[in-house]
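The values are calculated or read from the model by the stated rules, or taken from the named source; none is laboratory data. The structure presented is a predicted model; accordingly, all values stated were derived computationally and were not measured. Note that we place each Cβ from the backbone using ideal geometry, even for glycine, and neighbour counts take in every protein chain shown. These area figures cover heavy atoms from the full protein model, side chains too; ligands, DNA and RNA do not enter into them. Shrake-Rupley method; radii C 1.70, N 1.55, O 1.52, S 1.80 Å.
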Amino acid sequence: MRKALPDAQIIFAADYAGLPYGKKTEAEVAARVAGLLGRMSERYQPRLACIACNTASTIALGMVREVLEIPIVGTVPAIKPAALTSKTGVIGLLGTQGTVRQPYVDNLETEFVKDGKLLRHAAPDLVDEAENKLRGRPVNRAVLRAALEGLSERDTEMKLDRIVLGCTHFPLLEEELMDVAVGDLGMPPDIQFVDGAEGIARRIAHLLEGQEFARTGPNRAVTTGDIETLRELEGVLSTYGIDQIERF
């Protein structure tokens, strides 16, 4: 987003009080996301909102769009681009439990993986490892290996060549996941991890095309949880031009 719309004022909202979404029921996620985005829209009056969570998007996107009058962009597993670039048609999906079981994912598989195969594995523990990395803590290689083994065990024909990172935390671990996949598990060096970040940023920029942006304040990070938890990310957030942290 910083690259696509460098002059736009951005509010990064971390719902730490509601984590983890992946282990909640669909009804719980839908109610929380709709309520939280509704209150945030009243306070901050954004032009657009992006639900930067695959689980929340696959469950609550339709409900939120009915409630709010601004454009809502969701993040869903990048199965389409993975399928379009796969040479073998065998695609892996790593996500939370809440994402991999969704009918939304079933529909993406039906539409884009027609002659191939989608291997799914729930790997919620990767979220904690991504958070550890952001905070400068060591990443547990065994957790990454277990997640990738969950896919490789289903890959009986050894044709897996694309792995969709179906949680917005997971791309933070792409370098480590690649190292484990190739170095520890013997996956081919040309295997690719796929996420939808650039496509989502392009979509947001398209929806706001032609609008003028004049910064009236700082880019902010807000949290529903303990503000000190978010303050641990000050160094990382500042690299994206987010310099103010506050409690919502």
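Averaged per residue, what accessible surface does segment 1-98 expose to a 1.4 Å probe, in Å²? Before the final figure, lay out the partial values.
Values: 4710 Å² over 98 residues.
So segment 1-98 comes to 48 Å² accessible per residue, rounded to a whole number.
On C-alpha positions alone, give me the angle between the axis of helix 125-134 and the longest principal axis of the chain, in degrees, nearest 10.
The helix 125-134 is inclined about 60 degrees to the chain.
What three numbers, in Å, describe the spread of the alpha carbons of segment 144-200 along their principal axes, ordered from the longest?
Result for segment 144-200: principal-axis Cα extents of 32, 19, 19 Å.
With no solvent and one point per C-alpha, what does the Debye sum give as log10 I(q)/I(0) for the chain at q = 0.08 Å⁻¹?
Log10 I(q)/I(0), no solvent term: -0.32.
Rounding to the nearest 20 debye, state how big the charge dipole of segment 117-202 is about its Cα centre with +1 on each Lys and Arg Cβ and -1 on each Asp and Glu Cβ.
180
In sequence order, what are the phi-derived ³J(HN,Hα) couplings for segment 42-49 according to the Karplus relation 6.51 cos²θ - 1.76 cosθ + 1.60 with θ = phi - 60°, rounded to whole Hz, with x for glycine and proline?
5, 6, 9, 6, x, 7, 7, 10
What chymotrypsin sites (Phe, Trp or Tyr not before Pro) does segment 171-245 have in DSSP loop regions with at most 14 other beta carbons within 10 Å?
F213, Y240
Which is farthest toward the positive dipole end of the chain among L19, A4, A142, measuring Cα position about the Cα centre, with Cβ charges +1 (Lys, Arg) and -1 (Asp, Glu)?
A4
So which chymotrypsin sites (Phe, Trp or Tyr not before Pro) in segment 1-62 end up in coil per DSSP with only 16 or fewer other C-beta atoms within 10 Å?
On the way: sites: F12, Y16, Y21, Y44; in loops: none.
Counting only loop positions with at most 16 other Cβ atoms within 10 Å, none of the chymotrypsin sites (Phe, Trp or Tyr not before Pro) in segment 1-62 qualifies.
Roughly how big is segment 1-106's charge dipole about its Cα centre, with Cβ charges of +1 (Lys, Arg) and -1 (Asp, Glu), in debye to the nearest 20?
Numbers: 12 positive and 8 negative charges, 62 e Å.
So the magnitude is around 300 debye.
Hey, got the dipole for the chain? About the Cα centre, +1 on K and R Cβ, -1 on D and E Cβ, debye to the nearest 20?
On the way: 29 positive and 36 negative charges, 82 e Å.
So the magnitude is around 400 debye.
Would you please give the residues with an amide H less than 5 Å from that of I245, counting only those at least 5 places away or on a separate chain, with H modeled from the backbone geometry?
Hits under the 5 Å cutoff: A221.
Against the longest alpha carbon principal axis of the chain, how many degrees, from 0 to 90 and to the nearest 10, is the axis of helix 103-112 turned?
That helix lies at roughly 60 degrees to the long axis.
Rounded if a/c is under 1.5, else prolate if a/b is larger than b/c, else oblate: which is segment 136-248, with a ≥ b ≥ c the root eigenvalues of its Cα gyration tensor? Each step should come with its number before you reach the end.
On the way: a/c = 3.18, a/b = 1.69, b/c = 1.88.
Since a/c reaches 1.5 but b/c is at least a/b, the shape of segment 136-248 is classed as oblate.
Considering only protein heavy atoms and a 1.4 Å probe, what is the carbon-and-sulfur percentage of the accessible area of the chain?
Working: 6430 of 12850 Å².
Of all accessible area on the chain, carbon and sulfur atoms account for 50 percent.
Could you state the angle between the C-alpha long axis of helix 141-152 and the longest principal axis of the C-alpha atoms of the chain, as a value from 0 to 90 degrees rounded to the nearest 10?
Value to nearest ten degrees: 60.
Could you give the length gained on full extension between E42 and K23, defined as 0.36 nm per residue of separation minus the Cα-Cα distance, in nm?
On the way: separation 19, 0.36 × 19 = 6.84 nm, distance 2.80 nm.
So the chain would gain 4.0 nm between E42 and K23.
Using DSSP to call loops (not H, G, I, E or B), can you name the GluC sites (Glu not before Pro) in segment 77-175 whose Cβ has at most 13 other Cβ atoms within 10 angstrom?
Working: sites: E109, E111, E129, E131, E149, E153, E157, E174, E175; in loops: E153, E157.
Answer by residue number: E153, E157.
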